[in-house]
Structures are given as C-alpha cells and as structure tokens.
Amino acid sequence: MEVLVSAISPFSNAYAGKNAFVTGHTGFKGAWLCEWLLALGASVTGYALASPTSPALFDQLGLATRIRHVKGDVRDPILLRAAIAECEPDFVFHLAAQPLVRASYSDPVGTFEVNVLGTVQLLDALRGQSKPCGVVCVTTDKCYENREWLYGYREEDRLGGRDPYSASKAAAEIAIDSYRKSFFTNHAVKIASARAGNVIGGGDWAVDRIVPDCIRALSAGRPVAVRNRRAIRPWQHVLEPLSGYLWLGALLAPQERASHSSAFASAFNFGPSHDADRTVGELVGELFKHWPGAIEDCGQMEGPHEAGRLQLATDKARGLLSWSPVWRFSEAVAATVGWYRSAAEDSSPENICRITRKQIGSYTEAARASLIPWSLSIAR
C-alpha cells in the first residue's frame, strides 16, 4: 500500500520505529488511530475486546492482520500486564471504554467497571514499567459537571456527571490525576489525559450516534429520526482529537522532556472552533447537502436525560501545545459523508485503507497549510 510520506511527516520522527500500545483499538476512534500510527511507521499492539459493531472500521481496514491484535478486557490485570510487558511500549493510548451515554443507563455497573476500573488497571500495570513512555488516557468532554453554560468548559472546571457514562468518565479523570500525583511524579512513565468533544467521521457504525444513524437511514431510503434537534454539541472530525492525542504523546516522549515543562503531563481539551458548536438539526442539515434526505422528529420525552448544551474551551491546548483544530464544520461533514459514500461504492479492505489514509493525508496537509507548528519540537 502506498504510504503518504509527504503528508504524514509532522509526526514521523516521534513515532517511526517506536512501539505503540492502543487499548480499545477495535472501536471507531481506535481503528483510525491505529491506521495513523501505522502510516507513521510505528509498531502497533492493540488490546481490546472484539469489534463492538458490525460492520466495524477495525474489520473493514483488516487491522487484525496488520498489527499485533490482542483480545482482552482492560479489567483483566494479568492479561493486560502481560500484553504491556510484551509490547514494551514507547507510547500508550488508552481508548478502551463503554462510550455511549444511553447504553450507560442500560448497564451502569458495566460502564463504571470498564471506564473507571479499566483505567485504574492500566495505570497500575504501568507502575512497574522502567522504560520511558508517554501515556495519553482518553476520556470525554462529558466529564465536566454540565451546567448548560453558554461558554466552553476549561480543564480546571468542576468534574461531574448526571448520567452513568459522564460520571464514570469524571471518576476516571480523578483516578488518573491521583495515580499521576501518587506514583508517576518522578517516574519514567508520563501520563496525560485528553478530553474530546463529539466526533464524527467515516467508519462509525455505533447505534444511537447521530451520524451512523443518518447513514443507515439514508442508505435505506428512510427519514432520519432525530431525538433532540436543538441539542448543541462541539462537532469535530475524528482526526482532530486524534491529532491532539498524537501531538500530546509526542511531547511526552523522552527526547522531548529535557526541553519541555511537566505541564504536558496533565489534562487537555481537544475541541473544534466555535464555528462547529452546532445543533443536531444543523449537523443533519449540513449532511443533507452531500446526501439528500429528510428528518423525522421523534423527540425524547420518554428517553433518558441528555445534555442540551456542551462546549469545550481549548485555550490550554492552543497555548501549551500549539495545537488548533484544522477543518471547519462544513469540511468535517463533507469528509465524513465522502468516506461513507466511497465505502459504499467499494467496500474492499484495499479501498477502505485507501480512502482512510487519503483523508489522513488531506487533514495533515491542511494542518501544515494553516501553519500549525506540529513539527517544531519533534524536529529539534
């Protein structure tokens, strides 16, 4: 397969030839991250349960034969420790989670177990690692106590959550901070957490997420059922937060520590520009520009509580990491629909890999064109 060398160079010095350990790699974001890491020349070990959806991007990309694929539960300390020891990671990206708000009402115990205990088991397994390693634990923008504010939440704002999913992610953040201060202050392993907004992108097939629900309805010629078209979310393409995770991981790398503050081993928000803080109805309307359809407003009178407004402030990532979002809202939606339409025309693994890497390349070139200094520290 062709590697887009010119497009992936901003991270190449950080990840080429290095070992990356990714939990939750069979999920939507995890599969995109593995594909990007492979393009950057990393040796990738994935640790997760079976693909959570059918179809699944992980399977569509044929990743099981292209990385070291370990089937395991993050709540299993013995298997998890063994997988980490065999990988000898330079980087760890922890994405394994129960990621859905509505599903957390059906299985609150499982949600807390995976999202909190699973994170604790990973951090505890890393306590014994002597090899320098940068760790990025991914949580969510929903870890904040939601007060329906008109402005974005900052990293120092109060954590909390009304639904089990949000509360479990707030608890995970507290556990991460506790482990960082208790065990990793003077340690070869450096730990950061990343809080991202609502992501969209090709290859998401989850139930109860607006974009895959739209794609399923449009493919079948049905109206798109929308629960709450007025809910506001910080929509961003999946490559936006992933670029933040990769950049944060690179700055946690051993070769970067001599010239950078320990402030990188902390929590960071990765969200879109305020242009992308849109209602669900606006998102669906933008999607219809590329795949015409109709909305069926089904309301949410009998459904569980969901936040009406949620926004992130990314000043810290902009100021300390020099990270900024790249694609505008319209570009993110266009790329997302383009992926699904191309995949529908040819669903072979070769084509799925091609369109996925093409979007990675396009995004990276756009980042370079916007003068985001991704390569400054890594090139030193």
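Every condition in (1) at pLDDT 95 or above; (2) in contact with a Gly (Cβ under 9 Å, 6 or more places away or on another chain) holds for residue 145 except the one numbered (1).
Quick grid of which residues meet (1) within 20 Å of the chain's Cα centre (by Cα); (2) within 23 Å of residue 173 (Cα to Cα):
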position: 40; (1), (2): yes, no
position: 47; (1), (2): yes, yes
position: 80; (1), (2): no, yes
position: 85; (1), (2): no, no
position: 93; (1), (2): yes, yes
position: 100; (1), (2): yes, yes
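Of the helices (runs of 4 or more DSSP H) lying entirely inside segment 181-300, those carrying at least 2 residues that are within 24 Å of residue 116 (Cβ to Cβ) and open to solvent by less than 30 Å² (accessible area, probe 1.4 Å) are 239-252.
The number of residues in segment 118-135 that are among the β-branched types (Val, Ile, Thr) and surrounded by 24 or more Cβ atoms within 10 Å (Cβ to Cβ) comes to 2.
The values are calculated or read from the model by the stated rules, or taken from the named source; none is laboratory data. All figures in this text were calculated on a predicted structure; none of them were measured in a lab. Backbone-built Cβ (ideal geometry, glycine too); neighbour counts: all protein chains shown. For accessibility, only protein heavy atoms count, side chains too; no ligands or nucleic acids. Shrake-Rupley method; radii C 1.70, N 1.55, O 1.52, S 1.80 Å.
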